[in-house]
1. Under the rule of -39500 (n - 2.57) per DSSP H run of 4 or more residues, summed and divided by the residues of the chain, what mean residue ellipticity at 222 nm is obtained, to the nearest 500 deg cm²/dmol?
2. Give me the Kirkwood hydrodynamic radius of the chain in Å, from all C-alpha pairs, to one decimal place?
3. So in the chain, what percent of DSSP beta bridges are antiparallel if you round to the nearest 5?
4. Suppose a student asked you for the relative contact order of the chain, using Cα pairs under 8 Å spaced at least 6 residues apart; what percent would you report?
């Protein structure tokens with residue numbers, strides 16, 4: 001399944017940041033240098049979705065803030081749960 005993600009590198013910590021223009025927003029503690037933000041994004045999504053890191057890959061947007069991430073074995077329920085957590089993250093602020 002492909003998921004659109006808006007990434008904000010260089011944050012204080014890695015966390016869900018809600019939705020940005022209807023797309024999952026993620027803050028990353030890693031800087032956008034030498035692919036570190038991309039690696040952090042893959043690791044964070046794998047952790048949050050309880051999948052292997054090898055099941056997560058950046059399909060488009062390696063050098064952009066807006067990325068298409070391909071997640072193998074992701075079902076619609078898991079994605080819906082992640083989006084709900086993202087919405088809750090915004091509501092709690």
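Coordinate-derived values only; no laboratory data. Because the structure is predicted, anything quoted here is derived from the model rather than measured.
1. So the helix-based figure for the chain works out to -10500 deg cm²/dmol.
2. After inverting the pairwise mean of 1/r, the radius is 13.0 Å.
3. 75
4. After rounding, I find 32 percent.
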